[in-house]
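For reference, the structure discussed in these notes is given below.
The values are calculated or read from the model by the stated rules, or taken from the named source; none is laboratory data. For clarity, every value in this text was computed on a predicted model and none was experimentally measured. When we count neighbours, we look across all protein chains shown, and the Cβ atoms used for this are built from the backbone with ideal geometry, even at glycine.
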Amino acid sequence: MESLVDRSSKVSDKQKKTGHSNDEVHRLVSRAIDGDFDAFDQIMLLYRERLYGVIYNMTFNHEDAADLTQESFVKAFRSLSKFKRKSSFFTWLYRIGVNLTLTHLKRKKARKFFSFDQLIDQNKSKNQSVEFSSSETSSVKTTLLNELHEKLNEALSKLSDKHRTIVVLFEIDGLSHKEIASIMKCTEGTVRSRLHYAKVQLQSLLSEYVK
């Protein structure tokens, strides 16, 4: 649902987040595999905030997101020797984090949904956000926002954890279909299919609120 996010600025932000080239990251990974803890600390600094953001958007619980992010890095460190460099390191790391989070959600059997306020923060275009006339009072705006939030959660409740995860990775974190397919261990066609299904469902239920 392109109306909810600014894809171009999001992807640009994503590309600026690490500030390190793939070669530099590979050198850090090689050092970490050889037992260099400082190198792995640098890797954590590069990806911790971004991985936390993805996990938080899947769980919407700060404590769970922090714990799962830490668990992901611990598992990644213990599994460094298994990293074959067939994909980028962050894709490999995201796969670990996403799988741990999906297992966590399944275990808790809890559905955590997007925050409308966060979607508004992600939205850089005034035409993509909900517009209210200048004559509306603050209380009316609050009522409408609460109603939209309720509708948004209702729409997302109809999505499976895997569908919601793909929406998070694509719409919020700006990953490509290929990257998501690698993380989710499915085909790009499956990614496109799930994303299309999620967009159609959300668009239909929110059509009168989000243009």
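Figures for the structure shown
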| item | result |
| --- | --- |
| Enumeration of residues in the stretch 151-166 that are in contact (Cβ under 8 Å) with a residue 40 or more places away in the chain and aliphatic (A, V, I, L, M) | Leu152, Ala155, Leu156, Leu159 |
| Count of the stretch 61-82 residues which are more than 22 Å from the chain's Cα centre (by Cα), closer than 22 Å to Ala181 by Cβ and in contact (Cβ under 8 Å) with a residue 12 or more places away in the chain | 1 |
| Counted residues, the stretch 172-201 - those being under 19 Å from Lys151 (Cβ atoms) and modelled with pLDDT of 80 or more | 4 |
| Hits in the stretch 176-211 - residues which are under 14 Å from the mean Cα position of the chain (by Cα) and touching a residue at least 40 places away in the same chain (Cβ under 8 Å) | Glu179, Ile183, Met184 |
| Arg95 vs. criteria surrounded by fewer than 17 Cβ atoms within 10 Å (Cβ to Cβ) and either closer than 18 Å to Ser182 by Cα or modelled with pLDDT of 95 or more (or both) | no |
| Residue list for the stretch 1-41, restricted to those being of a type in the set (A, V, I, L, M, F, W, C) and at pLDDT 50 or above | Val25, Leu28, Val29, Ala32, Ile33, Phe37, Ala39, Phe40 |
